[in-house]
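Enquirer: Here you go, one structure.
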Amino acid sequence: MAENIPPTRMNLTLYKGKHVAAAKGYDLLKRKADALKVRFRDIMKQIYSTKVGMADQSSAAFFSLTSAEYAAGNFRSKILENNMQASVRVTSRTDNVAGVKLPVFSEYSTGVENTETLGLAGGARKITSCRENFSEYLSALIKLASLQTSFVTLDEALKVTNRRVNALENVTIPRIAATLKYISRELDELEREDFTRLKKVQAKKEEAIKLEALKKAAEEAANNANDDNHSNNNQSHSGGKNKKKKNKKNNNNNNDDESNVLSGFDAADDNDE
């Protein structure tokens, strides 16, 4: 998976952001899971205590019903025949726990009082006691229904949150960390290759500069040698010219001496005559 991602600086920055976001998400979900667990345990304790109390309430309510029927006779048919309105109704609301909406049921009184004449012949006290016991039992049932519904909803939310926490902790964050490690390793390798390439280019440039300097030095040495040879040739040529001039002068002087001698001889001959 990590090998399919191009090792670039942009991807490194992108996955660093993803890693930070995943770590923050993991922290938040972990806190949410802890809060849900605390509420889950609290609801479970309330359900246990409510069920334990409902056992006694149920026994007392149905025992009072049996006592009322024994004292007043079978009055169930009379209650069913009468058109009575409910004196207690149930309303619902939502309770927000770490982003999870839990349904909560509560009872409220409608203000209707049933004034049917039951038990006038006998057993009115037992019927009143039976009504009170069943009212308490109804309140316990509504509370238990609210707790059970919240318990089921909270259990599902807790499972989803735990799955997300485990996925982030064991899959997403290690995968992002492995990708970051791969990209960093590849970028380091590319940097080492670039550094080696630059060193080689610099070495080649230095070698070319040295060769250019040696070439210039050789050219300068050759030019100096040519200048020396040319100056030597000029000196030898000028020396030959001076020698020729000197020889010519000497020859001219010799010719003058010979002419003077000859003229002397001619003068002597003339005097003899």
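The values are calculated or read from the model by the stated rules, or taken from the named source; none is laboratory data. Predicted model only: the values in this text are computed from it and were never measured. Every residue, glycine as well, gets a Cβ built from its backbone with ideal geometry; the counts of neighbours run over all protein chains shown. Remember, those area values only see protein heavy atoms, side chains included, never the ligands or the DNA or RNA. Shrake-Rupley method; radii C 1.70, N 1.55, O 1.52, S 1.80 Å.
Enquirer: So which of L12, L29, L36 is open to solvent by less than 80 Å² (accessible area, probe 1.4 Å) and in contact with a Lys or Arg (Cβ under 8 Å, 6 or more places away or on another chain)?
Expert: Only one candidate passes the filter, namely L29.
Enquirer: Enumerate the pairs (first residue in the stretch 37-62 and more than 22 Å from K126 (Cα to Cα); second residue anywhere and of a type in the set (K, R)) with beta-carbon separation below 8 Å, excluding pairs fewer than 6 apart on the same chain, so at least 6 apart or on different chains.
Expert: That search, which allows pairs on different chains as well, returns T50/K143.
Enquirer: If E219 satisfies all but one of (1) open to solvent by 60 Å² or more (accessible area, probe 1.4 Å); (2) modelled with pLDDT of 85 or more; (3) not aliphatic (A, V, I, L, M), what's the number of the condition it fails?
Expert: (2)
Enquirer: State all residues of the stretch 172-206 that are within 30 Å of A98 (Cα to Cα) and either in contact with a Pro (Cβ under 6 Å, 6 or more places away or on another chain) or open to solvent by less than 70 Å² (accessible area, probe 1.4 Å) (or both); if no residue qualifies, say none.
Expert: T172, I173, P174, I176, A177, listed by residue number.
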